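Every number here is computed from the coordinates shown, using simple stated rules; none is lab data. Given the structure is predicted, the values throughout are model-derived calculations rather than measurements.
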Amino acid sequence: HKAIRRQRQMCIRDRLEGAELYDDRNIAIAYKGMVEYETVYAADNLDVPKSAIVFSVVNKTGQNLTIGFFDLHVNGVDSGHITSHSISENEENLIEVRFDELPEVVEDIHASGNIMFDDYSTSDFKF
């Protein structure tokens, strides 16, 4: 009974999984789910959250770039963390944005950030 309830809860939790959130000529961003870690190893005993939202980022530019998430809200709650990731050219990259406490059900995701190209020019995104 407990296992069935847990499985049903996971199905509800992941109903947004695979949803494309943003797409332009430079990148495509899709929601891939959530992860929670038992232990997080961090320098100087930093208080690193054990949860994260996982995004798939497809880089369509033909050059390496850096993507920065500056404002991530899930169900209206701010993640409280900013992050930037190097994104390889012309392939899917899975990136994690840390979150202090993830909800049981992901109903909506909103984020903003920017992309920095090799020549240091930037482009903003928002979803």
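For the range 67-75, just list the computed ³J(HN,Hα) in residue order, Karplus coefficients 6.51, -1.76 and 1.60, θ = phi - 60°, integers in Hz, with x standing in for Gly and Pro.
10, x, 9, 10, 8, 10, 10, 10, 6
Any chance you could run the full-extension gain for SER121 through ASN93? It's 0.36 nm times the residue separation minus the Cα-Cα distance, nm to one decimal. Intermediate results must be reported in sequence, preceding the final value.
On the way: separation 28, 0.36 × 28 = 10.08 nm, distance 2.09 nm.
Length gained between SER121 and ASN93: 8.0 nm.
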